[in-house]
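Input: one structure, supplied below.
No value in this document is a laboratory result; all are computed from the given coordinates. Note that the structure is predicted; figures quoted are calculated from it, not measured. We place every Cβ from the backbone using ideal geometry, glycine too, and count neighbours over all the protein chains shown.
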Amino acid sequence: MLSIIVPLFNEQDNVKKLHQEIMEALKDFSEPFEIIFINDGSTDDTLQNCLELKPLKIINFRRNFGQTASLDAGIKEAKGEILITLDGDLQNDPKDIPRLIKKLKKEKLDIVSGWRRHRKDSLGKVFISKGAETIRKYLINDGIHDSGCTLKAYRRECFENIDLMGEMHRFIPATLAIHGFKVGELEVNHRPRLHGETKYNYKRTVKGFLDMLGVWFWMKYAGRPLHLFGGLGFFSFLFGSFFLIGLFVARFFYDFSLSNKIWPLLAIFLILIGIQLFVSGLMADILIKGYYKGRHMNYTIEKIVER
């Protein structure tokens, strides 16, 4: 079975045409499918327009919780073995859905991410997205060009032990790559927005950047936070200690006056920061080990073969 998952927020003028295009794209699909629309606290007639459509499953939020929460709710409700996600603003083209599924099966991938190579967005939005992609490639480098494209195909097992939070929908490929899933990419059609307003603003940009740092930390140091915090703490402590020793030598052997200097306080500050970072690393290490102990494993098993 195939599940089509679409988060919606104030898309009253788009939902009927989107549903029609999805049905048209899947008219030759030989297996059963379901369409799930998540109404993310819309304040217009999005919900009313959805109620006029069928076949359709609607998840209605009490208020706006964001795109990541909508996708998480849709994924948890979905019954399909293959999950397709796309935006509700008609900029993603449902005609690309069969192509995503074909690539997923043919190349035996776990996720195929859409690549909006020729974007039909405003210059400001494209500029911000390009900057974010540059930073993302430097920090996490998940091997794809366009992590922000919602149009993606997943195998169901990708989400068996993963909960989406914050603005993490942009970094699903990186998150899955951490767990050992195979990620691919396919160039898809991107269309200009005809109705409604874009939901992207500076707040989402800031939240996305913070979540990017979270993914970077999880990729690099999730199983060994002491290496990060302890390493920083060690160098801070070491530098502060040598600095303090140097000041001690300068004062007592070279009669260097420190009475009106800030350097001793700076050296002590670096030593204290080093100790604090090291202790924070120890505490984070204990918390991470407790987290993995509760889950009984810190790795993903691809298969178990019985002969």
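Just order 1-11, 75-85, 56-66 by mean Cβ neighbour count inside 10 Å, highest at the front, would you? Don't skip to the end; give the middle numbers.
Values: 1-11: 24.0, 75-85: 19.7, 56-66: 15.4.
The most tightly packed comes first, giving 1-11, 75-85, 56-66.
OK, next. Taking amide H positions as placed 1.01 Å from N in the peptide plane, with prolines and chain starts having none, which residues 5 or more places from W115, or on another chain, fall under 5 Å of its amide H?
Residues meeting the criterion, in which the H sits 1.01 Å from N, are L186, E187, V188.
Of L51, L228, how do they rank once you tally other Cβ atoms within 10 Å and put the fewest first?
Numbers: L51 13, L228 16.
The most exposed by this proxy come first: L51, L228.
Between F33 and residues 5 or more places away or on another chain, which pairs have amide H atoms under 5 Å apart, with H built 1.01 Å from N, and which residues are they?
Those lying under 5 Å, H to H, from F33 are L2.
Next up: Hey, what do the phi angles of segment 265-274 turn into as Karplus ³J(HN,Hα) couplings, whole Hz, using 6.51/-1.76/1.60 and θ = phi - 60°, x for Gly and Pro?
3J(HN,Hα) across segment 265-274, in whole Hz: 5, 5, 5, 5, 4, 4, 5, 5, 4, x.
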